[in-house]
């Protein structure tokens, strides 16, 4: 066999692969895990040239795929494959482009819920109390997006649709449509105090770790909301918990953490004004992942450049 | 004086009126209520030709304004002025155009919160439990809008932005951009079973009262969500409470009720899967209301047709 699909969603990928009628998409194996049916010995004997897999599953089989040319991750995040000790003699591609609409749903859901005070309305109902107070409105508020790649741009478009002003922080400042003002990390002291919402979408690289610390949070408005849909490593979690407990910022919404699932005794479980979700902001739907894979497979067979290549050095 | 501004937001309107520098916008009186400073007798003696007012306040002063030519409501809903026993010898205009973005925020906030299970995440956090379940996504879901005027159209555009399919019910079917399929009330038996979300934006007219009854709700998917941001009279509230208690539909979100504030012993306080808000979906911001008024005042002085005229017969 020349290809291997190794995924918890193996059955879905098998279905899409069979439906796809992609010429040359044949001679592949699809499985959820290495087992009695497909063993490491089988892999070594085979000549697997491409692999479609979750990064953690890929990590485990890399040693058994001496002929690997291309690895298509089913996820956006591929950190586990970037350790300097690991082999880098293949082309690594990840999934982009499909997450922006889902991330936009998540970010706008939580911005709108905050303005429209959904939790306060639920609490008032429990107390059978008519909540005779004004809500906020999202229109006219300012959103700062940390990391304006394809996902950040999608969030920017959604924010602009609702009449928000959008600020962006990127590695190298350049004008961007749908972002009113773009700066770099050195501009944070002037950008952060202007934002009503700050959302982190940065990939996990050495440069983006621990960016959100006590100083960062102290630069935000006390009425502002912090969201993290990027990577947990961007946030010093004790600093965020302290900022929420002390009213340095108004609220936070987290989908990613330094350790997942969140450990049983983590401070976040008892932190006020903190909404926790379970790394579910933008699920990888197999149908969409397969669409990216199918196009890359076509390019692979044709010898063309692959989409969404990850640089082992840059980390994204 | 030739004009009267009678509003709980009198001070704001005074500010905007003074700032506006509108030629001929002079010789008016602005107050929160009739009192010792401005009495009914004063009004009778004056020759008030135009009135900017909340409908309920306008109702109280109509008998004292024999020369009234034009009444600009500060609200969209003007039912109290439409009773057949009341005078109809003036031009009634209401506020439109400014509510669509705010209503869209509200509707999308609650659609997204339902898909992304915000309340379930809050409950899980209280129990220190990692909610290891999939969320829904809004993209691909179907929204049925009851009443596609300017507000309904704004909601349709927001829904389409998030990749929803939009169905509409109107009095007279006609093709509409941003609505995938338009029908009339007779089409409800085929439209309702296809909708994941049903939102009522109908004005309160004899034809739209009690539209949402047990039969209507039984035609909806058991997984579907009903929202009312139109008028409370559209819904038979006991039927809705029963449908929610019996799992006929999944959830409901209400901003308007037959009686407001919701009475102390109303069944809704104890109805499950029901979110209550306090007629705050789309607040009338004086600045925006004044913008509509200022343009209509210009037209009034120039003898042009006024925007947003309400038909006493149709009721909207």
One computes Rg over Rh for region A:1-145 from alpha-carbon atoms, with the Kirkwood Rh, and obtains 1.22
On the formula 1/(1 + (r/R0)^6), with r taken between the Cβ atoms of residue B:246 and residue A:259 and R0 of 45 Å, the FRET efficiency rounded to 0.05 is 0.60
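Would you order B:99, A:226 from fewest to most other beta-carbon atoms within 10 Å of each residue's own beta-carbon?
In increasing order of surrounding Cβ atoms, one gets B:99, A:226.
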Listed peptides A:180-186, A:293-299 by packing density, highest first (mean Cβ within 10 Å)
A:293-299, A:180-186
Can you compute the FRET efficiency between residue A:8 and residue A:40 using 1/(1 + (r/R0)^6), with r the Cβ-Cβ distance and R0 = 25 Å? Round to the nearest 0.05.
0.85
Taking each residue of A:119-132 in turn, how many C-beta atoms of other protein chains fall within 10 Å of its C-beta, and what is the average?
5
Computed [θ] at 222 nm, helices only, for the protein assembly as shown once each DSSP H run of length n ≥ 4 contributes -39500 (n - 2.57)
-9000 deg cm²/dmol
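May I ask you to sort B:202, A:81 by Cβ crowding, counting other Cβ atoms within 10 Å and putting the fewest first?
Final ranking by Cβ density, sparse to dense: A:81, B:202.
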Can you list the copy-to-copy distances for residue A:177, using a point 7 angstrom from Cα toward Cβ, in nanometres, shortest first?
1.8
Between residue B:127 and the same site in the other copies, what are the distances in nm, shortest first, taking label points 7 Å from Cα along the C-beta direction?
2.5
For chain A, modelled as a GNM with alpha-carbon contacts under 10 angstrom, which of A:274, A:52, A:131 fluctuates the most?
A:131
Only counting other Cβ atoms within 10 Å, I'd like A:218, A:177 sorted with the fewest neighbours first.
A:177, A:218
Could you pull the Rg and Dmax for region A:100-276, using just the Cα atoms, both in Å?
15.9, 52
Using only the alpha-carbon atoms, how far is helix B:286-302 inclined from the longest principal axis of chain B? Give it as 0 to 90 degrees, nearest 10.
50 degrees
At 10 °C and 1.306 mPa s, what whole-number value in µm²/s does Stokes-Einstein give for the translational diffusion of the protein assembly as shown, with Rh from the Kirkwood sum over Cα pairs?
58 µm²/s
Residue separation between residue B:85 and residue B:60 times 0.36 nm, minus their alpha-carbon distance, gives in nm 7.6 nm
Gap separating the Cα centres of region A:222-289 and region A:47-73, nearest whole Å
31 Å
Counting pairs of Cα atoms in chain A, how many percent are more than 32 Å apart?
36 percent
Find the relative contact order for chain B and round it to a whole percent, using C-alpha pairs within less than 8 Å whose residues are 6+ positions apart.
15 percent
Of A:109, A:214, A:124, which has the largest mean-square fluctuation in a 10 Å C-alpha GNM of chain A?
A:124
Scoring region B:99-276 by relative contact order with C-alpha pairs under 8 Å, at least six apart, yields a percentage of 16 percent
Among B:132, B:94, B:228, which one moves the most in a GNM of chain B with springs linking Cα atoms closer than 10 Å?
B:132
Sorted by mean Cβ packing within 10 Å, highest first, what order do the peptides A:165-176, B:5-16 take?
B:5-16, A:165-176
At a threshold of 8 angstrom on Cα-Cα distance, excluding pairs fewer than six apart, so keeping six or more, what relative contact order does region A:1-149 reach in percent?
17 percent
Placing the label point 7 Å from Cα along the Cα-to-Cβ direction, what are the distances from residue A:263 to the equivalent spots in the other copies, shortest first, in nm to one decimal?
5.6
Taking Cα atoms only, helix B:150-161 is inclined relative to the longest principal axis of chain B by an angle, in degrees rounded to 10, of 40 degrees
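Read-outs: derived from the displayed coordinates by stated rules, not from any lab. Fair warning: this is a prediction, and the values are worked out from it, not measured in the lab. Using ideal geometry, Cβ is built from the backbone for each residue, glycine included, and neighbour counts are taken over all protein chains shown.
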